[in-house]
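**Student:** So that we are looking at the same thing, I have put the structure below in structure tokens.
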Amino acid sequence: MFEGAAMRFLIILMVLALVGPIDAAAQAPATLLRPARVFDGVDPRPHEGWAVLVRGDRIEAAGADVAAPPDARVIELPGMTLMPGLIEGHSHLFLHPYDETSWDDQVLREPLALRTARAVAQARATLMAGFTTVRDLGTEGAGYADVGLRDAIERGIVPGPRMLVATRALVATGSYGPRTADAEAPLLGAEEADGPSLVAATRRQIGGGADVVKFYADYRWRPGEESRPTFTVEEMRAATEVAHAAGRTVAAHASSPEGMRRAILAGVDTIEHGNAGTPETFRLMREHGTALCPTLAATDAIARYRGWTGTGTEPDAVREKRTSFAAALAAGVTLCMGGDAGVYAHGDNAREMELMVDYGMRPADVLVAATSGNARAFGIGDRIGAIRPGMVADLVAVEGDPTREIAAVREVRMVMKDGVLVRLPD
Ligand SMILES: [Zn+2]
């Protein structure tokens, strides 16, 4: 029966056409990573003897009995811990350490091209240190240059971490810096806006490329003053509503109890710094599910720039930070890992993790915060932050076991981003 044979042939062709693309996808390059142990980003206990299979830009399998397919490249990582790419929760890639150049001078005197070129180098340093994602919270006078850097990294033009950017960030009129002799000149560190103009500016920044909206809920109104509230709850609530409707998260700079309280009630997702937070403030954060990004390393760095050597009596700012961090921990607030990198060197991002341990957190909990915790708080937990089948293959191998000794996060031997090895095992 010729007709039947022709029909069978046609059916075979159709099946081949259907299977073809699936088969091609299965042929994406595979890599099997065999470390001593895997920290998966969620479980605080590492898994001894696990292997992780990567195919294309995704994790295909992870476990004790994962074997290498015939086409896989096998990378042995003896003695090392493999973990999800680390996530820096608070960076400024367009700033460099303040003991090199003051913040005022960076904003007022450094040309945009110089700042951008430096940001490119700093992005690379961050990635090589094992931080495959950063939430970059404001260019501080460099306009929307972070959007361009983010996109250049995404297109593979320059190496760097995946960036969630805040563009210019938002401040209340007259409340930020740098200050010049002209009281009427715009403050160049961020975009000034209030009331309805705050809502418009939020929309403008989102339209301009912001992944996250950042505003300052309090600040020093004059140099030398303590931080006092800037925006009203209503102003911040309106901006937050606009950001959330656009699928963006909101980060609020706040150090004072009242600034924090207003930001929490406005519905922001994270509070940055929280220096003078009280047990009551942190209870409110816990109730509202607001996460804290404590930036311990920024306070530590600034104290050292002012002459503290790290020994002897701690400066008031450092002591206050220890106290408020302990109170946040005790209240069960979700803690992000974000140090305000830029105040100190990019690539030295582990500094915040070490201080979190020094100030009372278990190393494994700090690692969870820096991976799945940050990913969830920043709205990207469905794609990154954990070693699970289907997740993006952002992976870092370090010498030793950072769940026991946090300093091991500095001993980076391999970095993979989107399934591509960007730093090979030594
Ligand atoms: Zn900052």
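The values are calculated or read from the model by the stated rules, or taken from the named source; none is laboratory data. What you see is a predicted model, and the numbers here were worked out from it, not measured in a lab. Cβ coordinates were reconstructed from backbone atoms using ideal geometry, including for glycine residues, and neighbour counts include every protein chain displayed. Remember, those area values only see protein heavy atoms, side chains included, never the ligands or the DNA or RNA. Shrake-Rupley method; radii C 1.70, N 1.55, O 1.52, S 1.80 Å.
**Student:** Would you please classify the overall shape of the stretch 266-393 from the alpha carbon gyration tensor, given that a ≥ b ≥ c denote the square roots of the eigenvalues, rounded means a/c under 1.5, and beyond that prolate means a/b larger than b/c while oblate covers the rest?
**Tutor:** Taking the square roots of the gyration eigenvalues as a ≥ b ≥ c, the stretch 266-393 is oblate.
**Student:** Right, another one. If each DSSP helix of 4+ residues adds -39,500 (n - 2.57) and the sum is divided by the residues in the chain, what number results at 222 nm, nearest 500 deg cm²/dmol?
**Tutor:** Calculated mean residue ellipticity at 222 nm is -11000 deg cm²/dmol.
**Student:** For the stretch 140-194, what value does the Rg/Rh ratio take when both radii are computed over Cα atoms and Rh is the Kirkwood radius, given to two decimals?
**Tutor:** When Rh is taken as the Kirkwood radius, the ratio is 1.14.
**Student:** Moving on to the next point. State to the nearest 20 debye the size of the charge dipole of the chain about its Cα centre, where the only charges are +1 on K and R beta carbons and -1 on D and E beta carbons.
**Tutor:** 420
**Student:** Sticking with this structure for a sec: Please list the non-local residues whose amide H lies under 5 Å from the amide H of ASP218, H modeled 1.01 Å from N, same-chain partners needing a gap of 5 or more.
**Tutor:** Correct list: THR230, SER255.
**Student:** To the nearest 0.05, how large is the calculated FRET efficiency for VAL120 and VAL42 if R₀ is 30 Å and r is the Cβ-Cβ distance?
**Tutor:** The calculated FRET efficiency here is 0.35.
**Student:** Mind checking which helices in the chain clear 15 Å along their axis (Cα) and have mean Kyte-Doolittle hydropathy of 1.6 or more, DSSP H runs only?
**Tutor:** 2-26
**Student:** Ignoring ligands, DNA and RNA, what accessible area per residue does the stretch 239-308 give at 1.4 Å, in Å²?
**Tutor:** Accessible surface, normalised per residue, equals 36 Å².
**Student:** Taking square-rooted eigenvalues a ≥ b ≥ c of the alpha carbon gyration tensor, is the stretch 335-381 rounded, prolate or oblate, where a/c under 1.5 means rounded and, failing that, a/b exceeding b/c means prolate?
**Tutor:** Here the stretch 335-381 falls in the oblate category.
**Student:** Using a probe of 1.4 angstrom, how much of the accessible area of the stretch 277-426 is carbon and sulfur, in percent?
**Tutor:** Taking all protein chains in place, the stretch 277-426 shows 49 percent carbon and sulfur surface.
**Student:** For the stretch 184-268, rounded, prolate or oblate, judged on the Cα gyration tensor with a ≥ b ≥ c (square roots of eigenvalues), a/c < 1.5 rounded, else prolate if a/b > b/c?
**Tutor:** Oblate is the answer for the stretch 184-268, as a/c is 1.5 or above yet b/c matches or exceeds a/b.
**Student:** Further question: Roughly speaking, to the nearest percent, how much of the stretch 116-232's 1.4 Å accessible area is carbon and sulfur?
**Tutor:** 54
**Student:** How much accessible area per residue does the stretch 318-426 have, in Å², with a 1.4 Å probe?
**Tutor:** Computed with neighbouring chains in place, this is 34 Å² per residue.
**Student:** By average Cβ neighbour count within 10 Å, what is the ranking of 97-108, 180-191 from highest down?
**Tutor:** 97-108, 180-191
**Student:** Give me the percent of DSSP beta bridges within the chain that run antiparallel, rounded to the nearest 5.
**Tutor:** Within the chain, antiparallel bridges account for around 45 percent of the total.
**Student:** Provide the per residue accessible area, probe 1.4 Å, for the stretch 98-183, rounded to a whole number of square angstrom.
**Tutor:** 39
**Student:** While we're here: What is the Rg over Rh value, at two decimals, for the chain, using alpha-carbon atoms and the Kirkwood definition of Rh?
**Tutor:** Checking Rg against Rh, the ratio lands at 1.04.
**Student:** Could the peptides 125-135, 409-419 be put in order, highest first, of the mean number of other beta-carbon atoms found within 10 Å of their residues?
**Tutor:** 125-135, 409-419
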